[in-house]
Amino acid sequence: MARARISMLFPLFCCSTGAVATGLASPKTTPPPPRVAARIAEAPWRRAYEPAGEWDHAGSSSLPPELSGVLYRNGAGRIRVGEALYSHWFDGDGFVTRLALSSSSSSDSGVKAVSSGRYVRTARFLAQEGTTDQMVMRGAWTPRGDGGLLANAGRLPTNPANTNVARLPPDGKLYALCEGGRPVELDPRTLETNGGEYDAQGALNSPIPGLPPTTFGAHMRVDPSDGCAYNFGLNYGPSLGLKLMRIRPDGKVFSRKFSLPAMPLYHDLSLSGKYVLLTRTPYALTPKKVLGSLLGNSGMFEWNNEEGAHIDVYDKKTFELIASVATPAFSCYHHVNAFEDEQGRTVLRVERHNSDRLGVEKALSSIYVLFSSLPGTSSGLLRNAVLLSNTRAHIAPTIRPILVLVLT
C-alpha cells in the first residue's frame, strides 16, 4: 500500500515545469483474470491492488525548503502473478518506494522532488517471472504449483521481503525487512536489489547447517538513549526457538535464545525504559504444523482461543524473562508504545483487532473483497481495553481503543 500513497502524493510536488519520468523494464504483467476483473468493475478503486509498475520521477515543488530528507516505504506490491493470486496479503512481493526532497540552490526553483519505486528482487520474485499461471515458490500461506503434495513436500516458505525498510548497523546499509527471512540489501539511491543479506555478524546464521537461517523481525526498535537496535529472530529447526538481539551502533550483537513449544506469529515489539515487551497471541506455528508444511500442507498457523494470550516481559540489559502475563485471547499485529509512567509502572499499548483472528485471516486472504463484505476487520482497533496488574486481568471499557498493560 505504500506505493499507492507515494504515487498519489507525487503530483503535488511537481510544478508547471513538469516531471521527468524514466521508463523501466517492469515485471511482466497480464490483464486481470475474470474473477478479479469482476471485483474491479464493482469498485474501480480495487485496481490499486493490481501489480505495481516500477517508476522514476523527478520534478520540483513549492514545498517549504525546510522539508527535506528521504522517505522509504515497503509493502506488498504484487499479490497477483498472471492468473494466480497469492493466498494472503502477507505473501505479496515486496515493493519499496523512495521519495527524496531537497532544497534547490536557486531560490525560485523550489524543492527538488525525486520519487522511485522498485520490486525487491528476491530469489522467489525472479523465479516467479518465468510463469503467469501458477506459483513456483511457496509462501507462508500460499502453496506452490497446484497446491498438491508433490509440489510442496519438503519446501519451506520463502521470504517476500515486503514489510519494512531500515538502515542497519554498523555501516547503515539499506535493507528490506520481513520476518519471513533475513533482510535483503538495497541500493539506497536506485533501490536496486544488491543481492546481499544481513546476518548481524553471524547471529542470523542457521543454527544447523542445511536449515533456514534465523529470521529478523520487520519492526525493530532503536533505543534513543544509546542508539542500540533491538529485535527478535525465529528459528524453524527441529526445535522452535526465539532469539532476542541487541545490536550496537558498531554492529556488535548480544543475543539470547529461548526454546518455545509453539511459535506465535511474532510481528512487533516495544521498548520501555526497563524492558523489552513481546505479545504472544494464540495464533501459532506448532511442530505438528511444521511437519505438515514439509509434507505439503499450505496452512502453517492455527488459532487456539483456549490458550489465551501472553505479554512477555524481558529485562532490557540481560534479556532475562521477568514475567509472562496471561490475558484473554486477542489478535494484534502492532504495538503503539511502551513507557514507565509517573507511578513507576510499565505501560504497554497495543493495537488490537476488533475481529477475531479467523475474521482477520479471511479478510487478508480475500484482498479484492476487503473493505466491502468484511466490515470491521480492517481498522485493527479495540472497542475495549485490557488492564493488567500483578498478572491479573479484566476487560474494562475505555475512551481510547487501546490495550493497556500495567506492571506494578
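The values are calculated or read from the model by the stated rules, or taken from the named source; none is laboratory data. The shown structure was predicted, so the numbers you read here are calculated from the model rather than taken from an experiment. Virtual Cβ from ideal backbone geometry, glycine too; neighbours counted across all protein chains shown. Ligands, DNA and RNA are stripped out before the accessible areas are found, and what is left, the full protein with its side chains, is counted by its heavy atoms. Shrake-Rupley method; radii C 1.70, N 1.55, O 1.52, S 1.80 Å.
In this simple spin-label model, placing a label point 7 Å from the Cα along the Cα-to-Cβ direction at both ASP226 and ALA153 gives a separation of 5.1 nm. Taking 20 Å as the limit for the C-alpha separation, the pairs LYS257/LYS317; LYS28/LYS173; LYS252/LYS317; LYS252/LYS316; LYS288/LYS362; LYS112/LYS173 exceed it in the case of LYS28/LYS173; LYS288/LYS362; LYS112/LYS173.
Close amide H pairs (under 5 Å, H built 1.01 Å from N) link MET135 with GLY145, residues at least 5 positions away or on another chain. For LEU63, the solvent-accessible surface computed with a 1.4 Å probe is close to 50 Å², ligands and nucleic acids excluded. Sorted on the mean count of surrounding Cβ atoms within 10 Å across their residues, most packed first, peptides 143-155, 167-179 read 167-179, 143-155. Considering every Cα-Cα pair within the stretch 136-268, what fraction, in whole percent, is farther apart than 17 Å? Percentage above 17 Å: 61. Per residue, the stretch 73-228 exposes an accessible area of 40 Å² to a 1.4 Å probe, with every protein chain left in place. Using a basic spin-label model with each label point 7 Å from the Cα along Cα→Cβ, how many nm lie between ASP187 and ASP171? In this crude label model, ASP187 to ASP171 measures out at 1.6 nm.
Work out how much length LEU126 to LYS317 would gain on full extension: take 0.36 nm times their residue separation and subtract the Cα-Cα distance, in nm to one decimal. My answer for the length gained is 64.6 nm. Computed from Cα atoms alone, the Kirkwood hydrodynamic radius reported for the stretch 137-213 is 14.0 Å.
Stretched out fully, how many nm does the piece from LEU63 to GLU340 gain, at 0.36 nm a residue minus the Cα gap? Full extension of this stretch gives 95.9 nm more.
A crude spin-label estimate for the pair GLU302 and LEU71, with each label 7 Å from Cα along the Cβ direction, gives 4.4 nm. Simple rule: put +1 on each Lys or Arg Cβ and -1 on each Asp or Glu Cβ in the stretch 121-160, find the dipole, and look at LEU149, THR122, VAL136; the Cα lying farthest toward the positive end is THR122.
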